[in-house]
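Peer 1: After the structure tokens below, expect a handful of questions from me.
The values are calculated or read from the model by the stated rules, or taken from the named source; none is laboratory data. Keep in mind the model is a prediction, meaning the values are calculated, not measured. Virtual Cβ from ideal backbone geometry, glycine too; neighbours counted across all protein chains shown. Areas reflect the complete protein model, heavy atoms only, side chains present, ligands, DNA and RNA absent. Shrake-Rupley method; radii C 1.70, N 1.55, O 1.52, S 1.80 Å.
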Amino acid sequence: MNKAGSILRPVPGTISLTAPALMAYNLLFLLSCIAFVSSSSHAYVYPPLVEGLSFTFYKSTCPDLESIVRSYLEQLFQSDISVASGLLRLHFHDCFVQGCDGSILLDGSFSGPDEKDATPNLTLRPAAFKAINELQTLITQACGPVVSCADITALAARDSVRLSGGPDYEVPLGRRDGLSYATMEEVLSFIPPPTSNVTDLIDLFGKLDLDAYDLVSLSGAHTIGIAHCASFENRLFPAQDPTLDQTFAENLYLTCPVANTSNTTVLDVRSPDAFDDEYYVDLLNRQGLFTSDQGLYTDARTQPTVTVFAVDQSLFFEKFVYSMTKMGQLSVLTGDQGEIRKNCSAINAVDDFLWSVVDGDGGESKLL
């Protein structure tokens with residue numbers, strides 16, 4: 001869907017598209033025509049799957065898995081759509097640190113603090129953790145203990161996107177749950193702060209085998225959700241960031257009148273509860289909330305992609321699905337690695353015996 005008109009509409013602080021950005025758009029728009037057709041039918045292109053994962057992993061062992069997850073979330077979001085962004089963020093924070101192994105779900109123990117206690121994770125939504133636990137209970141009641149918490153988290157993230165108006169894509173399944181949680185140092189090393197510049201972000205993503213295109217695509221997840229003043233107050237105090245649209249900045253000062261306030265505001269000023277490409281329109285209009293957001297438009301390496309996504313939502317959806325699938329396979333445990341947790345917030349006790357699927361497509365099962 002071409003949204004050039006929506007970008008050119010008069011809004012405070014609108015920036016004219018640069019010549020390189022327009023040239024990039026013209027080229028990529030032509031290349032995206034076929035993608036538009038496939039996107040409308042949900043026939044997305046996916047990266048190669050990690051060995052041990054498949055789109056039909058639970059076909060025989062838990063055939064109703066995806067309908068259980070979707071039905072539960074449909075009901076939950078009717079009362080609180082904000083949990084959608086919380087579940088999406090939970091999946092991101094899980095995968096970026098030690099891989100998509102469900103370690104973010106673990107509570108601390110006598111041996112030390114858990115990942116939840118690390119600064120970047122302190123604002124993860126308690127309601128999101130609760131949703132994962134309740135989903136696990138429902139799934140175990142229906143299928144037995146065969147679905148990993150890591151897979152439940154990935155499915156919940158997908159349905160959070162879809163039920164907020166975003167793309168409905170397939171999720172490769174077969175992840176196993178990790179046997180340890182990450183250290184504070186690991187969390188701080190791999191969860192980028194909102195004050196990051198594009199160079200730092202590209203370097204960090206590179207360590208995870210993700211590129212600048214993935215960076216821009218995955219940043220589109222900021223089209224839903226909220227942020228605390230502390231995460232962007234560097235753009236307001238002690239002096240206003242000159243890249244901020246003036247009217248947008250004035251509204252932010254109303255929410256965050258002084259430093260160190262605990263108030264919150266939406267990430268996407270245009271459509272805060274809808275998963276769409278308006279986040280990129282925000283960036284073109286200097287209304288990105290974080291330094292890491294607005295930098296994607298001011299940096300020449302990422303600006304063309306921002307511009308393309310702002311005018312072509314179908315292309316954004318296509319690329320988001322591809323990058324999300326890449327991210328969702330980071331350092332996954334499969335086969336007989338890890339475990340299937342009985343409780344998503346705790347590693348299984350040594351004497352726990354759980355049935356665990358080794359080959360999801362009707363394959364053999366064995367005791368851990």
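Peer 1: Residues that are surrounded by 22 or more Cβ atoms within 10 Å (Cβ to Cβ): which helices (runs of 4 or more DSSP H) entirely in the stretch 205-302 hold 2 or more of them? Full working, then the answer.
Peer 2: Numbers: elements: 212-219, 246-255, 278-284, 291-298.
Filter on the stretch 205-302 gives 212-219, 278-284, 291-298.
Peer 1: Of all residues being in contact with a Ser or Thr (Cβ under 9 Å, 6 or more places away or on another chain) and part of a helix (DSSP H, G or I) in the stretch 155-185, which is most open to solvent (accessible area, probe 1.4 Å)? Just the residue, please.
Peer 2: Filtering first and then ranking leaves MET184.
Peer 1: Quick one: would you say GLY220 is under 15 Å from the mean Cα position of the chain (by Cα) and over 20 Å from CYS95 (Cα atoms)?
Peer 2: So GLY220 does not fit the description; no.
Peer 1: Assess whether PHE190 counts as being touching a Cys at 6+ places or on another chain (Cβ under 9 Å), open to solvent by 20 Å² or more (accessible area, probe 1.4 Å) and touching a residue at least 12 places away in the same chain (Cβ under 8 Å).
Peer 2: So PHE190 does not fit the description; no.
Peer 1: Scan the stretch 307-339 for residues that are within 16 Å of the chain's Cα centre (by Cα), in a helix (DSSP H, G or I) and of a type in the set (S, T, N, Q) and report the count.
Peer 2: Residues that pass the stated criteria total 2.
Peer 1: Can you spot a residue in the stretch 30-46 that is at pLDDT below 95, in a helix (DSSP H, G or I) and under 20 Å from the mean Cα position of the chain (by Cα)?
Peer 2: yes
Peer 1: Would you mind stating whether LYS130 is at pLDDT below 95, charged (D, E, K, R) and in a helix (DSSP H, G or I)?
Peer 2: Values: at pLDDT below 95: no; charged (D, E, K, R): yes; in a helix (DSSP H, G or I): yes.
For LYS130, the condition - at pLDDT below 95, charged (D, E, K, R) and in a helix (DSSP H, G or I) - is not met.
Peer 1: Read through the list (1) open to solvent by less than 60 Å² (accessible area, probe 1.4 Å); (2) on the phi < 0 side of the Ramachandran plot; (3) assigned to a loop (DSSP other than H, G, I, E, B), then give the number of the only condition that GLY99 fails.
Peer 2: In the conditions (1) open to solvent by less than 60 Å² (accessible area, probe 1.4 Å); (2) on the phi < 0 side of the Ramachandran plot; (3) assigned to a loop (DSSP other than H, G, I, E, B), GLY99 misses (2) alone.
Peer 1: While we're looking at this one, here's another question. Looking only at the stretch 67-103, how many residues end up being out of contact with any strand residue (DSSP E or B) (no Cβ under 9 Å at 6 or more places or on another chain) and touching a residue at least 40 places away in the same chain (Cβ under 8 Å)? Please lay out each step first, then the result.
Peer 2: Applying the first criterion (out of contact with any strand residue (DSSP E or B) (no Cβ under 9 Å at 6 or more places or on another chain)) to the stretch 67-103 yields 67-81, 83-84, 86-98.
Subset that is touching a residue at least 40 places away in the same chain (Cβ under 8 Å): 68-70, 72-74, 76-77, 80-81, 83-84, 86-98.
The qualifying residues number 25.
Peer 1: Got at least one residue in the stretch 118-126 being over 20 Å from the mean Cα position of the chain (by Cα) and surrounded by fewer than 24 Cβ atoms within 10 Å (Cβ to Cβ)?
Peer 2: For the stretch 118-126, residues over 20 Å from the mean Cα position of the chain (by Cα) and surrounded by fewer than 24 Cβ atoms within 10 Å (Cβ to Cβ): absent.
Peer 1: Considering (1) at pLDDT 50 or above; (2) open to solvent by less than 20 Å² (accessible area, probe 1.4 Å); (3) over 22 Å from the mean Cα position of the chain (by Cα), say which one PRO63 fails and leave the rest.
Peer 2: Going through the list (1) at pLDDT 50 or above; (2) open to solvent by less than 20 Å² (accessible area, probe 1.4 Å); (3) over 22 Å from the mean Cα position of the chain (by Cα), PRO63 breaks only (2).
Peer 1: Also, I was wondering about something else. What are the residue pairs meeting all of these: first residue in the stretch 133-156, first residue without any contact (Cβ under 8 Å) to a residue 40 or more places away in the chain, second residue hydroxyl-bearing (Ser, Thr, Tyr) and assigned to a helix (DSSP H, G or I), Cβ atoms under 6 Å, and 6 or more apart or on different chains?
Peer 2: Every condition considered, no pair remains.
Peer 1: If you don't mind, another one. Would you check if there is a residue in the stretch 103-126 being modelled with pLDDT of 95 or more, of a type outside the set (Asp, Glu) and closer than 26 Å to GLU318 by Cα?
Peer 2: Within the stretch 103-126, not a single residue is modelled with pLDDT of 95 or more, of a type outside the set (Asp, Glu) and closer than 26 Å to GLU318 by Cα.
Peer 1: Turning to a different aspect of this structure: From THR140, THR199, THR123, grab the single residue that is farther than 14 Å from CYS95 by Cα and not in a helix (DSSP H, G or I). Can you show your working first?
Peer 2: Numbers: THR140 fails: not in a helix (DSSP H, G or I); THR199 fails: not in a helix (DSSP H, G or I).
The match here is THR123.
Peer 1: Six or more apart or on different chains, Cβ atoms under 7 Å: show the pairs whose first residue is in the stretch 163-186 and within 14 Å of ASP101 (Cα to Cα) and whose second is open to solvent by 60 Å² or more (accessible area, probe 1.4 Å) and assigned to a helix (DSSP H, G or I).
Peer 2: Every condition considered, no pair remains.
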